[in-house]
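Everything below concerns the one structure shown next.
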């Protein structure tokens, strides 16, 4: 159903990202959907394993939940003879909110985000 029933047009998102469906999974943008397709190919080839989507990381400070960071993709990548965990986020625009969550994730959990 259109966002504005009287207009017959769909409302465009804040950053003009076009939602896209791949393998019956709805992605927030074409860029994210394309990255998912690339990662699925890498997983089939054996270059990565354990692909997960939308993993939630609670960001607690002094015992209080401040917010949560939800990654786009998590997987393990084979580097220098061992499997290394990767947290990946597909970005078109880096909002202030994202930048703060990225810093909190590193400060609280020691996790670096790979931005694509």
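Every number in this text was worked out from the coordinates using simple rules, so none of it is lab data. Quantities reported herein were computed from a predicted structural model and do not represent experimental measurements.
Equivalent-ellipsoid semi-axes (√(5λ), Cα gyration tensor) for region 20-115, whole Å, largest first? Equivalent ellipsoid of region 20-115: 24, 18, 11 Å, largest first. Were the residues from residue 20 through residue 91 laid out at 0.36 nm apart, the gain over their Cα-Cα distance would be 24.0 nm. Annotation: extensible slack from residue 49 through residue 37 equals 2.9 nm (criterion: 0.36 nm per residue apart, minus Cα-Cα distance).
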